[in-house]
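Have a look at the structure below, then the notes.
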Amino acid sequence: SEEEAKKKIYNVSCERYFGFGCEIDEETSNKLEGLPGVLFVLPDSYVDPENKDYGGEN
């Protein structure tokens, strides 16, 4: 659902570019990469997946 998807987003940037960070599986990542307007999909090197910590400002 859209509400469940919103809960997976942990970071949004729209200052220099528009992008977002979210918890998704590899299959969903591949689907996103193929959508029109999506330039690239990258793993987030700032996330501590074990502790679910982004390390950015709250």
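The values are calculated or read from the model by the stated rules, or taken from the named source; none is laboratory data. Everything quoted here is computed from the prediction, not taken from an experiment. We place every Cβ from the backbone using ideal geometry, glycine too, and count neighbours over all the protein chains shown.
Mind listing just one residue for me: the one in the stretch 1-32 that is of a type in the set (Gly, Ala, Ser) and in a helix (DSSP H, G or I) and, of those, farthest from Asp44 (Cα to Cα)?
Of the residues in the stretch 1-32, the ones of a type in the set (Gly, Ala, Ser) are 1, 5, 13, 19, 21, 29.
Keeping just the survivors that are in a helix (DSSP H, G or I) gives 5, 29.
On the way: Ala5: 18, Ser29: 12 Å.
Result: Ala5.
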- [ ] Collect the residues in the stretch 34-45 that are under 13 Å from the mean Cα position of the chain (by Cα) and either more than 14 Å from Gly21 (Cα to Cα) or aliphatic (A, V, I, L, M) (or both), keeping them in residue-number order.
- [x] Val38, Val41, Leu42
Task: Test set (1) at pLDDT below 85; (2) outside any strand (DSSP E or B); (3) surrounded by 11 or more Cβ atoms within 10 Å (Cβ to Cβ); (4) not hydroxyl-bearing (Ser, Thr, Tyr) - Val41 fails condition number - done: (1)
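Looking at the stretch 6-25 only, could you name the residues that are among the hydrophobic types (A, V, I, L, M, F, W, C) and in contact (Cβ under 8 Å) with a residue 12 or more places away in the chain? Talk me through it step by step, then tell me what you get.
So the first thing to find is which residues in the stretch 6-25 are among the hydrophobic types (A, V, I, L, M, F, W, C), and the list is 9, 12, 14, 18, 20, 22, 24.
Matches in the stretch 6-25: Ile9, Cys22, Ile24.
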